[in-house]
1. Could I have the simple spin-label model distance between N1063 and R1332, label points 7 Å from Cα toward Cβ, reported in nm to one decimal?
2. Could you give each residue of the stretch 1317-1323 its phi-based ³J(HN,Hα) in whole Hz, using Karplus coefficients 6.51, -1.76, 1.60 with θ = phi - 60°, and x for Gly or Pro?
3. Each residue of the stretch 547-556 in order: what ³J(HN,Hα) in whole Hz does its phi give by Karplus 6.51 cos²θ - 1.76 cosθ + 1.60, θ = phi - 60°, with x for Gly and Pro?
4. Using only alpha carbon positions, build the gyration tensor of the stretch 1052-1158, then give the equivalent ellipsoid semi-axes as the square roots of 5 times its eigenvalues, largest first, whole angstrom.
5. Students often get this wrong, so check it: of K967/K1345; K295/K802; K372/K446; K1072/K1105, which have C-alpha atoms separated by over 20 Å?
6. With r defined as the distance between the Cβ atoms of S767 and K295 and R0 fixed at 30 Å, what FRET efficiency is calculated, to the nearest 0.05?
7. In whole Å and largest first, what semi-axes does the C-alpha gyration tensor of the stretch 1102-1158 yield when each eigenvalue is scaled by 5 and square-rooted?
8. List every residue whose amide H lies under 5 Å from the amide H of T1109, counting only residues 5 or more places away in sequence or on a different chain, with H placed 1.01 Å from N in the peptide plane.
Amino acid sequence: MDFFNQYTLFTFLINFSLINKNWPYPSKLPLSCTVPWPRSCLLSPAQGLRATVGRDASPHWPQHEPTPDFLRQGEKSPSFGPTQPELPQPERGTSPLPPSCCGERGLEGVIFPIASHPRKSVIPDVHTEAVQAALAKYKERKMPMPSKRRSVLVHSSVETYTPPDTSSASEDEGSLRRQGRITSTPFQSHSNVEPWLNRVIQGSSTSSSASSTSSHPGGKPAAASNLMAHAQLVFVLLIQYVHLTGVPVNSRVSSKIQQLLNTLKRPKRPPLKEFFVDDFEELLEVQQPDPNQPKPEGGEMTALKGEPLGVVTNWPPSLLAALQRWGTTQPKTPCLTALDTTGKAIYTLTYGKLWSRSLKLAYTLLNKLTSKNEPLLKPGHRVALVFPNSDPVMFMVAFYGCLLADLVPVPIEVPLTRKDAGSQQIGFLLGSCGVTLALTTDVCQKGLPKAQTGEVVTFKGWPRLVWFVIDGKHLAKPAKDWHPQVRDASADIAYIEYKTSKEGSTMGITISHASMLAHCHALTQACGYSEAETLTNVLDFKRDAGLWHGILTSVMNRMHVVSIPYALMKVNPLSWIQKVCSYKARVAVVKSRDMHWSLLAQRDQRDVNLSSLRMLIVADGANPWSISSCDAFLNVFQSRGLRPEVICPCASSSEALTVAIRRPPDLGGPPPGKAVLSMNCLSYNVIRVDTEEKLSVLTVQDVGQVMPGANVCVVKVDGTPYLCKTDEVGEICVNSGATGTAYYGLLGITKNVFETIPVTAAGVPVSDQPFTRTGLVGFIGPDSLVFVVGKLDGLMVVNIRKHNADDVVATALAVEPMKFVYRGRIAVFSVTVLHDDRIVLVAEQRPDASEEDSFQWMSRVLQAIDSIHQVGVYCLALVPANTLPKAPLGGIHISETKQRFLEGALHPCNVLMCPHTCVTNLPKPRQKQPDVGPASMIVGNLVAGKRIAQASGRDVTQLEDNDQARKFLYLADVLQWRVQTTPDHPLFLLLNSKGTVASTASCIQLHKKAERVAAALMEKGRLNVGDHVALVYPPGVDLIATFYGCLYAGCIPITVRPPHPQNLATTLPTVKMIVEVSKSACILTTQGIMKLLKSKEAATAVDIKTWPTILDTDDIPKKKVANIFRPPSPDMLAYLDFSVSTTGILAGVKMSHAATSALCRSVKLQCELYPSRQIAICLDPYCGLGFALWCLCSVYSGHQSILVPPLELESNVSLWLSAVSQYKVRVTFCSYSVMEMCTKGLGTQTDILRGVNLSCVRTCMVVAEERPRIALTQSFSKLFKDLGLSARSVSTTFGCRVNVAICLQGTAGPDPTTVYVDMRALRHDRVRLVERGSPHSLPLMESGKILPGVKVIIAHTETKGPLGDSHLGEIWVSSPHNATGYYTVYGEEALHADHFSARLSFGDTQTVWARTGYLGFLRRTELTDASGERHDALYVVGSLDETLELRGMRYHPIDIETSVIRAHKSIAECAVFTWTNLLVVVVELEGSEQEALDLVALVTNVVLEEHYLIVGVVVIVDPGVIPINSRGEKQRMHLRDGFLADQLDPIYVAYNM
């Protein structure tokens, strides 16, 4: 074991021995705060419902489909009640075999043949009834409703129904992740340390040999006992040494110890572990597999072969050859009939017309379109086809015209506006395909949005297109010698069909001429198409089945297609059935939506006869819900000539084209099948018959047999494409000559999807031919029937289990359907938050639904989904009607909806977030280690080569003459001395908002005014020495003069901010409180403020009769005071400094005369202040360093202070910077609020700053009592860089109540340094330095240099022991200018006595320190300071009082707030606090109120993602509601009080349940 590793282990052993006896394994605690929904709400057989259908029997359609117009006007619930005949249940077969009996056939017990006897009744909506039954089992629990503006907050309900986080502790810091784990008996605890030491000393003789062998480079590790003995001996030596010398320093150290320290001073990287294991690589809870989860048990499946493609004697060599044959030999035969919105046939295209028009178009495209005398198009170029759904004739001409010209058509939707859903992605596809020409019709072109030039606008993300109208007058007649080349089908691209992926990206799928011909051949054989048949097509003819049947295969077989436009279906859903009757159509191609609509409208039709149909192709038969539409349609129309075997569901995908289709018995098809499957097992990809009559079942119908000439297999969805077992669900793959060939221009995913090689479990390829992935999830049943249970695009993986979006939609619809939301206008998708999918459900709310009704519906939907799918919904949002982005044919554009949700652009009117039930992978709560003694920490630091974190400023005694220091012991004496030596020297210069000088004060002027004030206090106020006087003045020279007047009279001044005349109700009580708490015997103020304090308006806010004596100093007589008071001792109280902390506590500290002069001395030395200097101060003069700089430092140092009241910046934002430039100031001070005002106010109005030059500034310091705001200081530096401001000059200061000036950059010394720490480590009170840009990195800037005379040490917050370099602890300070204690009226200073007189529990126990209440760390840098020593940088992390203790970890509000502000552009400000263990986030909305609810999900997401916390309440308020004090700090506790008292007037309050 090398020396480094030996001592790594040694450090652990020492620390471990001091912690406790028990090895601390982390306990697994419940992570969710919400009680799960009861599982007992399942139907029993006695309730009269047969659970044969999961959610499929409800007559509904996919969420992508719109609601027809006839329903939108007076929509009624499509319940199949007593007015309609009743359908029988699908018959069940024999009792199913147990799963283990599945052999190669696999699923004999799963499939139930549909009964062949005629049916005369309607299937009730079993799923709806099942959901209602499940919900009935729930106890009515009132969930707290979100409250909108001016609503009352329901606090009690949240406390009742959102239990506080019960996880009592946190991540186990002691758990070990080293390779050689020690598993021997734990050592004795701390209590037995004496006998343990004795035993070690007795047995120390064995240690030397152990150390020598174990540290030898090539030697083997010593035995554990030897190593322990060695560790114990060194530990004893260290303990003895520490006890002798206190805090260790590098002097008088034994050579052995010195060698150890020298060796470990610069450890190798990664750094030596301290008393914890940095285990942030994988913090999140990994979902453990359920040992009882179902597993597939069948044998491995084999590839399924379809019937061979039949040989046809005169089959044309290509589709164009077929068109040429029919166009020349059968020119009068009808090819396509187009209908208008009334159902009338407006045009019938014959084969002759199709051929001649296509020829004209092909000739025109190739010969008449030129660009710079060059043909615009060449063979192989891509051309966009932009045709409305109502014009199939022109589309067909354009499609075949392009094929004849050897061009590649790319059919797309008509872009109606520049912001169509998905339009940008379509533009990206066109650009990647190199499309430069778009074909369209005259009517369509006129309807497109135009630019001012009259040309069609360039849509967002689209390439520049030439739009060409193909109406007859624009086409040229072909030359006599021009003939198109009608080639045989080849591997060249015939056309490109677009597809939108789950993520919203659009891809172009290329179909070759050979594939197109093979697909037509396979469809002809599977559907038994014959010449001159009539086909009714309801689908979109530009893509998918509508294109394959209605445009391609129909031409191959000289069929007549009647195209039903979407607009006609919206007006008259029965139109397709009427056309089947009138045209005696043999085949109809529809979706289950069309069947459902016709059911709702069929009651008025009596003369319908469907006996002519031999095939009713259901294009979306792969959707699990289609079975209900098929069954219901059959049962209604069976009496009108529809035969059961006519209904033929099919499965298809954009990549593989048609995958399977059910054949009628006369075409050799087997009887149809049905499977009743357990939804729970399906979520694990396992097929099980549901034998227990549960609610959560899924009934699916087969989609027929594999296409002719195709091979099909089912492979695992994730990873390597291994073949599935016979009882396992997977992705269906197809090997056929009739599939797509590639994604255009995307080689990587093309290989993955179109060139998949399925392999057996042994890794042997199934075939040497590549398969195409279909994106369909399913399995192969008996009789080689294909079953589809969902699509990959709709699959949501939550905690290992897979859920289908369509299934969740069906369950939501079954909860009081159509009462509150529009049917068919529901989107379900998943978003990734905290490394797992979270389910989001968005629905369009009906305008007449009340907020309370909608909220109750939402809560019932949550319960239903939880009960039936055993999965929680993360977010449920309702949006106003017709606001969700629409897909081309009116349905919901899912990916665009998801995008808007993630961008905060959905604008919902109701939101319900339920993170507590969904997020189960939060990190384990932290578990603090007990009994880690301060001694073990100091020893650990020594062993790790870390110095104790202690630093100090320059020594004051060596910097200044002692006689001069004694002379300047009292500020009143200093002022009198200056009056004698330099009476006319200017000390103060006050500017007004116009930038002109409002008043000045020289030494003599200030002295005389102070004398008059002192005389008035003694005569008018009759005050005694030691009485307290409140100074209520606006910022100005009067405030300074009265302060010195109080010192002259021997009174104790307290500066108080005057109340705001326009806001007396909130500002005057603070004035009153300070006056009372400070026991002020008198108030000095101006006449105007005196009137305000005694006014009627003031009487409504406070009791004005209890004011002490109020004196105005505006017109006091010129009198000299008989003798100026001289304090008997420097320790006597000089003034009281009162301020309200960010936690809302009013704290006054006592400043002695000695501390006051020491403070001025330190500031003078740090900033090099002399009488010849000028400094500019833009701070409030009422407390802290702002008061000291405004009132004290100029008198002490003699420099001139240019005073800029921050309030004046509200009317002239450039005042401060203009003054700095005008007076060429080298040193200036401001607050964060001033800096923010300048950054925001001047960022857009830089013209105001003409002539301003900031190159004179050497030091610009932000006075603060918080962690430096790096983002603000950096943006300020960048903004004013062009005005000469150096980035190096901007820095921060740090002070607090116990010491108002601990750090201050000053004019000398190295620049402030910045380090990056791991934010996750900070939560565990640890500092982990990382590189800039690392994940979870947080920049921390040094808070300025430590002032002369100030000593700082970092102490443990609990043990009060000293900590090592770069360790997080409380900052303690020792300094001559420390305050002497708190001053409170209730005498509670004893509670805080240790704040001012704390001592270390170990090491140097003699020094008296003051506890700042701030967490931070010291780090020795490589820089050197003025004295040549290495510079110690102090980094402030945050106030201990403000930290939030959540899940055993310590969070700093500013970190959470920074994340939240980044979440959305409309968030102006944010503040967080806790309430009953819930995290409350208050967000100021800078935008329209319709954006308010968008923020709820975004805020919840970002806090979960970055901080592993669940937000309990999100409050959206107006700008300016979050209270901010004069230093620019948020008053979070005031905000909390306002929230609890319902005084925030929120726009919206969301309770995340």
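1. The two pseudo-label positions are separated by 3.8 nm.
2. 10, 7, 4, 5, 5, 4, 5
3. 6, 5, 8, x, 10, 9, 4, 4, 5, 4
4. On the way: eigenvalues 147, 85, 22 Å².
The answer is 27, 21, 10 Å, longest axis first.
5. Values: K967/K1345 27 Å; K295/K802 14 Å; K372/K446 26 Å; K1072/K1105 11 Å.
Where the Cα-Cα span goes over 20 Å, the pairs concerned are K967/K1345; K372/K446.
6. Working: r = 27 Å, r/R0 = 0.91.
So the FRET efficiency works out to roughly 0.65.
7. Values: eigenvalues 139, 120, 19 Å².
Calculated on Cα positions only, the semi-axes equal 26, 25, 10 Å.
8. I1083
Read-outs: derived from the displayed coordinates by stated rules, not from any lab. It should be emphasised that the depicted structure is a prediction, and the values quoted were computed from it without experimental measurement. Neighbour counts are summed over all protein chains in view; Cβ atoms, including those assigned to glycine, are modelled from backbone coordinates with ideal geometry.
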